[in-house]
Amino acid sequence: MTYCVTDRRKFGRQDWSTTVLSFGSVPIGNMGRAMSAGEAEGVIEHAWAAGVRLFDTAPMYGHGLAESRLGSGLADVDRGSYALITKVGRRLSAAPLDSFDSAPWVNVPAMKLEYDYSYDGVMRQVEDSLQRMATDRFDVLLVHDTDRWTHGAEQPQRFREALGGAFKALVSLRDEGVVRAIGIGVNEVDVCLAAANAVDIDCMLIAGTHTLLDQEAALELLPLCQSRGIAVVNGRVFGSGILATGSTPGARFDYARAGDEVLSKVRAIEEICQLHDVPLGAAAVQFAAKHPAIVSVCLGARTVVQQQQNYDWFEQEIPDDLWEDLRTANLLAEHR
């Protein structure tokens, strides 16, 4: 099977479709290092020219910077020709730059982030995001980061707050026709399952849980989504770096230096890829799209060159034998 950047998939049980690759806006929010406005505009324009028509962002990314840059980058194209995702759960308010810690975001606007999963808070957040992006609507709204990765021991309380506030707000907005689809965007499979079993969600954005290194989502979550028609957008498919760079010195996994166990597994995957003359990055991005519950793979890039490499990897022909060899070597928990 070969893929094309412009391939489209139905958005779960919704009556619309979108491109199998989507644009992730984390880099244009200046995560870890600054991008100029021109560089940000360049990767947005390049994604559009390549045929990408699903764009993901959030107030968190650069304390509103990613939303405003993405809105500006899409200002001159027909709003009906693409789909837009943003997220709720964090409130932005004006504050002196020296009054808050923006890490890992750099060169951010003078806007402080605070968690707010209340009903009224989410309604205000959506209005604020509409203004930052200079748009009249969103296609998808996700409750953001109600997971242990973000909240630690406070996660159960935050999730309860979201059930009583944020999700109810999004259901109301969907019922009013303000947004087409609602869901959750988190880093953990069990939180996705809890949301799917508590709320009538349409979609979810998973992060790092269905990759060549971690297929936890394939065990229960993706089959559940497939059976219910819940659309899945697959994010962090390079493991925050190592599945694109390979097992090089200093390779990154989950935003930290990769440990010995991860490096060993990546080397084993690399050996099989080399046998078939397939780049590791190509196998990583194509595997991320293979499950039928997944409607789009969300990719971020710091440069046009990096972004084009991702697109080339996605369209590279990969022999079926590579997947068979990975399964035989017990490197895939799920095989399709």
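Worth pointing out:
- When only alpha carbons are used to place a centre, region 96-115 and region 223-266 end up 27 Å from one another.
- Residue pairs, from the table LYS87/LYS290; LYS265/LYS290; LYS87/LYS265; LYS112/LYS168, whose Cα atoms sit over 30 Å apart: LYS87/LYS265
- Cα gyration tensor shape of region 99-187, rounded if a/c is under 1.5, else prolate or oblate by comparing a/b with b/c: oblate
- Diffusion coefficient of the chain by Stokes-Einstein, Kirkwood radius over Cα pairs, 4 °C, 1.567 mPa s: 64 µm²/s.
- Stretch gain in nm, segment GLU114-ASP76, where the contour uses 0.36 nm per residue and the Cα spacing is subtracted: 10.5 nm
- Full extension of the chain between VAL171 and VAL106 yields a length gain of 20.0 nm, computed as 0.36 nm times the residue separation minus the alpha carbon distance.
- For the peptides 266-272, 149-155, the ranking by mean Cβ contacts within 10 Å, running from highest to lowest, is 266-272, 149-155.
- On Cα atoms only, tilt of 119-133 relative to the major axis of the chain in degrees: 70
- In Å, descending, principal axis extents of the Cα set of region 1-128: 51, 35, 29
- Rounded tilt (10° steps) of 189-198 against the dominant C-alpha axis of the chain: 50
- Full-stretch length increase - SER264, ALA37 - with 0.36 nm per residue and alpha-carbon distance subtracted: 77.9 nm
- In the chain, the DSSP-assigned H stretches of four residues or longer account for a calculated mean residue ellipticity at 222 nm of -11000 deg cm²/dmol, using -39500 (n - 2.57) per stretch and the full residue count as denominator.
- Degrees separating the helix 37-50 axis from the principal Cα axis of the chain, which is the longest one: 60
Every read-out reported here was derived from the displayed coordinates using simple, explicitly stated rules and does not represent laboratory data. What you see is a predicted model; the values in this text were computed from it and never measured. Using ideal geometry, Cβ is built from the backbone for each residue, glycine included, and neighbour counts are taken over all protein chains shown.
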